[in-house]
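S.K.: The structure under discussion is supplied below as structure tokens; questions concerning it will follow.
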Amino acid sequence: MNKIALITALLVSQIHLSPAFAEMYKWVDADGNISYSDQPPYKGAEQLEAPLISTTPAIKVPPKTAKPKEEDEDKNATKYSYFKITSPENDATIRDNNGNFSIAMNSRPSLDVAAGHYISILIDGKAVKKQSSTTASFSNIDRGTHKISAQIKNRANKVLRSASAVTLHLHRQIAPKKQAR
């Protein structure tokens with residue numbers, strides 16, 4: 001039984017390898033057509049040598065280095081239980097011809113600047129300031145109704161806590177137009 005398995009294995013291996021070592025022939029017929037085959041049609045066919053197959057070694061990909069997961073950073077991060085814009089109050093009206101106003105915020109615990117936390121202040125949904133202070137001043141803001149909001153963010157710009165938005169109405173006096181006389 002072992003002899004039959006050995007003979008079968010040898011035959012299968014020979015069948016598998018035979019195309020790799022097949023002979024190739026080239027000839028030109030009476031009409032000038034060039035033909036190729038693995039069997040010579042007649043004695044005048046030219047035997048060709050198969051070129052070696054070129055191979056390229058695989059590129060070694062460096063292993064991925066372990067990066068600290070955000071989840072681990074979040075476990076050690078300061079948890080803000082409270083964050084609010086304390087001034088101006090919601091729906092406040094500010095009259096300033098230069099478009100100046102200030103806001104004040106409060107958080108519990110205090111802002112953890114050592115951990116890279118900062119406050120991002122948004123006016124009408126657009127980030128306008130990044131700072132580590134809980135007070136901010138603005139100048140030359142267009143008149144009209146504005147929605148002011150603030151977010152505490154970490155170094156990776158992930159929002160840790162958001163303050164409820166405050167609406168304020170900024171009034172700037174306009175000089176009356178001179179009428180022609």
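The values are calculated or read from the model by the stated rules, or taken from the named source; none is laboratory data. Since we're looking at a predicted model, the values are computed, not measured. Ideal geometry is used to build each Cβ from the backbone, glycine not excepted, and the neighbour counts take in all protein chains shown.
S.K.: Need pairs with beta-carbon distance below 6 Å; first residue in the same structural domain as Ala156 (by TED's automatic domain parsing) and within region 98-118, second of a type in the set (Gly, Ala, Ser) and modelled with pLDDT of 90 or more; sequence gap 6+ or separate chains.
M.R.: Close Cβ pairs (under 6 Å, with a partner that is of a type in the set (Gly, Ala, Ser) and modelled with pLDDT of 90 or more) amount to Asn100/Ser139; Ser102/Ser137; Ile103/Ala136; Ala104/Ser87; Met105/Ala150; Arg108/Ser81; Val113/Ser132; Tyr118/Ser132.
S.K.: Let me ask something else. Pairs under 8 Å by beta carbon, first residue in contact (Cβ under 8 Å) with a residue 60 or more places away in the chain and over 26 Å from Lys130 (Cβ atoms) in region 153-177, partner surrounded by fewer than 16 Cβ atoms within 10 Å (Cβ to Cβ) and among the β-branched types (Val, Ile, Thr), six or more apart or different chains?
M.R.: Correct list of pairs: His171/Thr93.
S.K.: Just give me the residues in region 162-181 being buried (at least 18 other Cβ atoms within 10 Å of the Cβ) and closer than 16 Å to Ser107 by Cβ, in sequence order.
M.R.: Filtering region 162-181 for residues buried (at least 18 other Cβ atoms within 10 Å of the Cβ) gives 163, 166, 168, 170.
Ala163, Val166, listed by residue number.
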